[in-house]
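Working notes for the structure below.
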Amino acid sequence: MTRYKLKELKQTDVNEQRIRQNVQQQISKPKRKLNFRVPILTIIVSTAIIFLLIQLLTPTDMRHSTANEPTLMNIFYEIEGDGVTYNQNFTTYDLQNIRILKYYKEMPYIDFLQKTNVNTIDIPTPFQVEDGKVIAVNDGYFTELQFHFPYEKEFINISMTRTFMEPMEYDALAANLVDAYGTPIELERLNSSSTLVTKFLEGDGGLVYTYYSYDEEENRIHLTGTRANEFYTIAEGYIYYIGFSENSSLSKVQMTEFVKTFIEHNEFKTLEFEEATYKNSWLTRGGKTMLICLAIALVSLVGMPLLIQKRSQRVQKFVWSLVWIFIQVPILTWLISFSVGTLYRDGFAAIGMMMITFPALLILGILIILFVNRNRIIWLVILHILTFIFAFGTSIWNSFSIG
C-alpha cells in the first residue's frame, strides 16, 4: 500500500464529516408524500356522475306523468298485493307464473263499464252484472283484467291478458289429455288456430285454481285458492283463463257456451292491454347495469393500485389476480355477452358468447398480470375500454334501431 493511500486512510475526519453531512441531508430532506387526491377524486367524481345519469335517465312512472290521458291504468288505484295467477298446466308455455306484478284496487263491474265505455255481454243466471267486481294487475308491459261474479257460494271468474305467444297447436295438446294431477281435459277447436282446453272436476282431488281477491281491511290484493272447472285458451293475442266454482249450478254445456261467446264477442279486446307502466328506455334495456359496471370498473382500476402499490410484486400479482377473476372478468363477460345477444336478438347467441368470452378473458388477464410488470394496468385498462366501447355502442345502436 502506498504512503499516499495510507495517509488517506489515517485521515478519516474528512470522510466522517462528509458522511455526517449526507446523513443529515437525508434526515432533513422532506419525504415525498404520495398524492392520493387525484385518483380518489377521480373515483368519487366518476361514480357520482354515473349514478346521477342513472337518476336522470331512469324512466318515471307513466301513471303520474300521463294522469290526464284516458288510459286503462288511470281507471284504477294502485295498492299493495302479492301472488300471481296462472294455469298450472301451461306455465312452461305462457310463462305467466314468472311475472312481477303491480296490483290495483278492486272496482265495481258497472263502474268499470261506464269508465271504459264498453258494453257487457250477457251473464248466465243466477249471476248478476251488478254483483261483478274488476281487479287489474300489470307486469310492467301488459295489463291483466279479472272479472269476478259471485252468487252465494258460487262464482264465475274471468281472466284475460295480452300475450305475444302463439296459440297452442291442437295436435300437441291432444297428445296428453290429462292435466298434471291426472284429471282428464277436453279439447275443442275455436277456429283454425285456437283450441279451447276444458277441465271439469272429477272426484276430490285436482290442481288448485287461484284468482285475485281484494282484502278491504288491509287494502291489498291477495290470492284465493280453490277448486274450479277451468277453461283455458290463447286466442287473437289474448290468454283467457276462466273458472266456474266447483258447486256451480250451471251445466257443462252452459259453461262452455258462455266461455265461447265471451271469447268471441267481448268488447274488452278493444281496450289497450299493452300498456307499459314504465317508459321503455335505454336504461331499462340494460343501460343502468352497464353504468353500474362502469362504476365498479373505475373503482377497481383506480383504487386498487393505491392500496397495493407499496406491496411486493408477488402480493400485487396475487391481489390483481383475485380482482380480475372475481370482479372484472364477470363484468366484461356479461357486457360482451349481453351486447351480442342484443345485437342478434338471440338469447342462445348470448349464452354461446359467454361460454367463449369467460375463459378467454380469464386466461388473457392472468397472463398480463403474471408476465407484464411495468404496463400491467395499462393493458387491463385497454381491455376495459374496448369492451365498454363495444357494449355501449351496441346498446345505443340497438336503441336507435328499435326507436
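The values are calculated or read from the model by the stated rules, or taken from the named source; none is laboratory data. Just so you know, these numbers come straight off a predicted model, no measurement behind them. Here the Cβ positions follow ideal geometry from the backbone for every residue, glycine too, while neighbour counts run over all protein chains shown. Side chains are part of the model used for accessible areas, which takes the heavy atoms of the whole protein and leaves out ligands, DNA and RNA. Shrake-Rupley method; radii C 1.70, N 1.55, O 1.52, S 1.80 Å.
Among 233-244, 120-131, how do they line up from the highest to the lowest mean number of other beta-carbon atoms within 10 Å?
Most protected by this proxy first, the peptides run 233-244, 120-131.
If you count only protein heavy atoms with a 1.4 Å probe, what accessible area per residue comes out for the range 108-206, rounded to a whole Å²?
51
Please tell me the relative contact order of the range 187-247 in percent, rounded to the nearest whole number, where contacts are Cα pairs under 8 Å and at least six residues apart. Write out the running numbers ahead of the final one.
Values: 96 pairs, mean separation 18.9, N = 61.
This gives 31 percent for the range 187-247.
Would you mind classifying the range 131-178 by shape? Square roots of the alpha carbon gyration tensor eigenvalues, ordered a ≥ b ≥ c; an a/c under 1.5 is rounded, otherwise it is prolate if a/b is larger than b/c and oblate if not.
On the way: a/c = 4.35, a/b = 1.38, b/c = 3.14.
Judged from the Cα gyration tensor, the range 131-178 comes out oblate (a/c at least 1.5, b/c at or above a/b).
Distance from a point 7 Å along Cα→Cβ of Glu264 to each backbone N in the range 97-122: keep the residues under 20 Å and list them by number.
119-122
Mean 1/r over all different Cα pairs, inverted: what Kirkwood radius does the range 301-403 give, in Å?
That comes to 14.7 Å for the range 301-403.
To the nearest 20 debye, what is the magnitude of the charge dipole of the range 131-278 about its Cα centre, counting +1 on the Cβ of each Lys and Arg and -1 on the Cβ of each Asp and Glu?
Working: 10 positive and 26 negative charges, 47 e Å.
In debye, rounded to 20, the range 131-278 gives about 220.
State, in angstrom, two size descriptors of the range 83-241 derived from its alpha carbons: Rg to one decimal place and Dmax to the nearest whole number.
16.0, 47
Quick check: convex hull of the Cα atoms in the range 80-141, volume per residue, rounded to a whole Å³?
Convex hull of Cα atoms, per residue: 142 Å³.
So what's the net charge close to Asn87: Lys and Arg +1, Asp and Glu -1, counting the other residues with Cβ under 11 Å from its Cβ?
Once positives and negatives cancel, what remains is -2.
On a full-extension model of 0.36 nm per residue, what is the gain between Phe348 and Glu272, subtracting their alpha-carbon distance, rounded to one decimal in nm? Don't jump to the answer; show the numbers that get you there.
Values: separation 76, 0.36 × 76 = 27.36 nm, distance 3.21 nm.
Stretched out fully, the Phe348 to Glu272 stretch lengthens by 24.2 nm.
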